[in-house]
Amino acid sequence: MRPDVYRLQLGLGAAGLAGAVAAPAFAAGTVRVAPAGAHRLSVAGLHFTYPAVNAAAAVLLALAALGVAVLVVAVRAAARQLRSHRRLIHDLPVARTLPGHPTVHVLDAAAPMAFCAGWLRPRVYVSNAVLERLSEAELHAVLAHEQHHRALRDPLRIAVGQVLCQALFFLPVLRPLHGRYAEVAELKADAAAVAAAGGGPLASALLTFGASPAGDVVGISPERVDSLLGRPPTWRLPLSGLVAAFATVAGVVALVWRASAGASLSATLNLPIASSQPCVLVLALVPVVACLAGAISSRG
């Protein structure tokens, strides 16, 4: 039985996000605001305080910083995906709806294009060149392929996978899983097209889409060709990477749980201008550093 790559990726991502959210939540619960609990320091006649933190609280704060970084990167990645998606839909040169197919829009474009776009209500888009160059059987195969993407909301799934890959940067196995899902999505859509119109029309349509101006055929995945020829896939599940990823998530959750039980962190809320106990500024460095780490990781 082949594993569902998307559910595996989504489950691992959900576990990673849950661990990331738990760390700052538990860390916030360990903070006690009490002037008597903070450490005092005198420098050049000025009196300062800094948080009183034991080893467990230090570990929990470090995990909380990681959790904040994950959440920052996730929000930024989701916002970037949403902006790109809206820009794509807005800029599409839609000319009309294909007769007999209310969910298929025809684009005023000279290049042969066919794709599915949209998240909650995806639509299929084909260019005028597709209608001019493909036969009826080939067009039927292409539409069956794209309608399969539409039925499964593959654009939304791929966007979610990209956000998880960027946010959970400490789980590198998510990237090959995401790449594999994109490949599997095409293979399953090809299978739906073959079931609807046969392998011949789909193969000839792929040649039309992949033909370059020089007459060469480019852009067709070798695995898709092998699938049309009936050859079994050669991709293997990255078991070692999955084991390491789940062990990492389990380790983070275990550390958060154990550290929160014995964490002790005392601080004051006095500001440096109003008082000589600027303890809260030291604590404020934790989310600031986490946000900087998230911004740096998202650029990478």
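One residue is enough: does the stretch 93-115 have a residue meeting the conditions among the hydrophobic types (A, V, I, L, M, F, W, C) and in a helix (DSSP H, G or I)?
Here is the first cut: in the stretch 93-115, the ones among the hydrophobic types (A, V, I, L, M, F, W, C) are 94-95, 98, 104, 106-107, 109-111, 113-115.
With the extra rule that they be in a helix (DSSP H, G or I), the set shrinks to none.
No.
If you check L41 against the conditions, is it surrounded by 20 or more Cβ atoms within 10 Å (Cβ to Cβ) and modelled with pLDDT under 90? Write out each step before concluding.
Working: surrounded by 20 or more Cβ atoms within 10 Å (Cβ to Cβ): no; modelled with pLDDT under 90: yes.
No: the conditions fail for L41.
Please tell me if R231 is surrounded by fewer than 18 Cβ atoms within 10 Å (Cβ to Cβ), at pLDDT 75 or above and under 25 Å from G19 (Cβ atoms).
So R231 does not fit the description; no.
Return the only residue of P35, P24, P112 being crowded, with 18+ Cβ neighbours inside 10 Å, modelled with pLDDT under 90 and over 26 Å from the mean Cα position of the chain (by Cα). Reasoning before the result, please.
Numbers: P35 fails: crowded, with 18+ Cβ neighbours inside 10 Å; P24 fails: over 26 Å from the mean Cα position of the chain (by Cα).
Every option except P112 fails the conditions.
In the list V75, V70, V126, which residue meets the criterion of being over 17 Å from Q162 (Cα atoms) and either in contact with an Asp or Glu (Cβ under 6 Å, 6 or more places away or on another chain) or of a type in the set (V, I, T) (or both)? Full working, then the answer.
On the way: V75 fails: over 17 Å from Q162 (Cα atoms); V70 fails: over 17 Å from Q162 (Cα atoms).
None of the others qualify; the one that does is V126.
Hey, does the stretch 165-178 have a residue that's out of contact with any Gly (no Cβ under 7 Å at 6 or more places or on another chain), surrounded by fewer than 21 Cβ atoms within 10 Å (Cβ to Cβ) and within 17 Å of G100 (Cβ to Cβ)?
no
Could you tell me whether the stretch 133-146 includes any residue that is in a loop (DSSP other than H, G, I, E, B), more than 30 Å from L237 (Cβ to Cβ) and under 27 Å from the mean Cα position of the chain (by Cα)? It would help to see each step written out before you state the result.
Residues of the stretch 133-146 that are in a loop (DSSP other than H, G, I, E, B), as a first pass: 134-135.
Now drop any that are not more than 30 Å from L237 (Cβ to Cβ), which leaves 134-135.
Within this subset, residues satisfying the condition of being under 27 Å from the mean Cα position of the chain (by Cα) are none.
Among the residues of the stretch 133-146, not one is in a loop (DSSP other than H, G, I, E, B), more than 30 Å from L237 (Cβ to Cβ) and under 27 Å from the mean Cα position of the chain (by Cα), which makes the answer no.
Is it the case that R258 is of a type in the set (D, E, K, R), part of a helix (DSSP H, G or I), surrounded by 17 or more Cβ atoms within 10 Å (Cβ to Cβ) and modelled with pLDDT of 80 or more? Walk me through how you get there before you give the answer.
Working: of a type in the set (D, E, K, R): yes; part of a helix (DSSP H, G or I): yes; surrounded by 17 or more Cβ atoms within 10 Å (Cβ to Cβ): no; modelled with pLDDT of 80 or more: yes.
No: the conditions fail for R258.
When residues of the stretch 146-170 are filtered for being touching a residue at least 24 places away in the same chain (Cβ under 8 Å), within 16 Å of D190 (Cα to Cα) and of a type in the set (A, V, I, L, M), how many remain?
Selection size over the stretch 146-170: 1.
Could you check the stretch 116-132 and list, in sequence order, the residues that are outside any loop (DSSP other than H, G, I, E, B) and not basic (K, R)? Outline the logic, then answer.
From the stretch 116-132, those outside any loop (DSSP other than H, G, I, E, B) are 116-117, 123-132; that's our starting set.
The answer is C116, A117, V124, Y125, V126, S127, N128, A129, V130, L131, E132.
Hey, among the residues in the stretch 78-87 that are surrounded by 14 or more Cβ atoms within 10 Å (Cβ to Cβ) and of a type outside the set (D, E, K, R), which one's nearest to A167 (Cα to Cα)? Steps first, answer last, please.
So the first thing to find is which residues in the stretch 78-87 are surrounded by 14 or more Cβ atoms within 10 Å (Cβ to Cβ), and the list is 78, 80-81, 85.
Retained after the next criterion (residues that are of a type outside the set (D, E, K, R)): 78, 81, 85.
Numbers: A78: 9, Q81: 13, H85: 19 Å.
Top of the filtered list is A78.
Which of the following residues is closer than 29 Å to V252 by Cβ, surrounded by fewer than 18 Cβ atoms within 10 Å (Cβ to Cβ) and at pLDDT below 80: A18, A55? Let's see the steps before the verdict.
Values: A18 fails: at pLDDT below 80.
Testing whether each residue is closer than 29 Å to V252 by Cβ, surrounded by fewer than 18 Cβ atoms within 10 Å (Cβ to Cβ) and at pLDDT below 80 leaves just A55.
Out of all the residues in the stretch 171-193, is one or more within 29 Å of H148 (Cβ to Cβ), assigned to a helix (DSSP H, G or I) and modelled with pLDDT under 90?
Within the stretch 171-193, not a single residue is within 29 Å of H148 (Cβ to Cβ), assigned to a helix (DSSP H, G or I) and modelled with pLDDT under 90.
The values are calculated or read from the model by the stated rules, or taken from the named source; none is laboratory data. Keep in mind that this is a model prediction, so the values were computed, not measured. So basically every Cβ, Gly included, is an ideal-geometry build from the backbone, and we count neighbours across all protein chains shown.
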